[in-house]
1. Mean separation of Cα pairs under 8 Å and 6+ residues apart, divided by the residue count of chain A: what relative contact order is that in percent?
2. Starting from the Cα of B:Ser28, move 7 Å in the Cα-to-Cβ direction to define the label point; list residues of the stretch B:2-17 whose amide nitrogen is under 19 Å from there.
3. Relative contact order, percent, of chain B when contacts are C-alpha pairs under 8 Å separated by at least 6 residues?
4. I'd like the trypsin sites (Lys or Arg not before Pro) in the stretch A:10-91 restricted to DSSP loop residues with at most 12 other Cβ atoms within 10 Å, sorted by number.
5. Quick one: grab Rg to one decimal and Dmax as a whole number for chain A, Cα atoms only, in Å.
6. Debye sum, Cα scatterers, the protein assembly as shown, no solvent: what log₁₀ I/I(0) at q = 0.15 1/Å?
7. When the dipole is taken about the Cα centre of chain B, and only Lys, Arg (+1) and Asp, Glu (-1) are charged at their Cβ, what size is it in debye, to the nearest 20?
8. Starting at 0 and stepping by 5 Å, how many percent of the alpha carbon pairs of chain B end up in each bin?
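We did not get these values from a lab; they are worked out from the coordinates using the rules stated. Computed from a predicted structure; not experimentally measured. Heads up, the Cβs are rebuilt from the backbone with ideal geometry, glycines too, and the neighbour counts pull from every protein chain shown.
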Amino acid sequence: SAVISQKPSRDICQRGTSLTIQCQVDSQVTMMFWYRQQPGQSLTLIATANQGSEATYESGFVIDKFPISRPNLTFSTLTVSNMSPEDSSIYLCSVEQVQGGTQYFGPGTRLTVL
Amino acid sequence: GENVEQHPSTLSVQEGDSAVIKCTYSDSASNYFPWYKQELGKGPQLIIDIRSNVGEKKDQRIAVTLNKTAKHFSLHITETQPEDSAVYFCAQGPGGGADGLTFGKGTHLIIQP
């Protein structure tokens, strides 16, 4: 399975600021996704990060709030913009080495917004 | 839209006993059903998955069963051990498209010594 790292592992931010989360994979992967896990809750898909094109967002998530980049097959970033306390969550990157294959998750980034 | 219901939300069993967690789904087009284990402070870890052309799959103490007609699938853990204590999530996916996974709400499994 792919080894996935995320930076930062955690952060505490002030409302109104933005944070960019990085996801790095140790091998080329076909699919990369970003999920949100609110405190004590399940995982919700934010978007599919597409290499070389705009991300595909799920209902309830918009590019202005969660801009995503994927410049190559091993790296993606998620930015949480103009943060409010409601954005306090764990943000998780996941990958599929082949489309429709097994999905593996990174360790997550724990974000607290004050 | 896609929906996955997971039961129970909390399950407490004695060490050595079996644990069963059940999920139902609504999207008949789904054909991929993974189970993840999440320990405190960590990301979800895949423990077993099944595709729609298979009715059951086993990996040592863990098994998953799938009933496509009834649209439900279950996780079975036998001979439970303290290290099995965690939150378990079921999920569904298209298994061939570009979409991500839809998750159940999770089951907190507690193994009593």
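1. Values: 290 pairs, mean separation 41.9, N = 114.
37 percent.
2. In the stretch B:2-17, the label zone of B:Ser28 (backbone N under 19 Å from the point 7 Å along Cα→Cβ) covers B:2-5.
3. Details: 283 pairs, mean separation 41.4, N = 113.
Value for chain B: 37 percent.
4. Numbers: sites: A:Arg10, A:Arg15, A:Arg36, A:Lys65; in loops: A:Arg15, A:Lys65.
Of the trypsin sites (Lys or Arg not before Pro), the ones in loops of the stretch A:10-91 whose Cβ has at most 12 other Cβ atoms within 10 Å are A:Arg15.
5. For chain A, the Cα-based Rg and Dmax read 13.2, 39 Å.
6. -1.00
7. Numbers: 10 positive and 13 negative charges, 49 e Å.
Around 240 debye, computed over chain B.
8. 2, 13, 24, 25, 19, 10, 5, 1, 0
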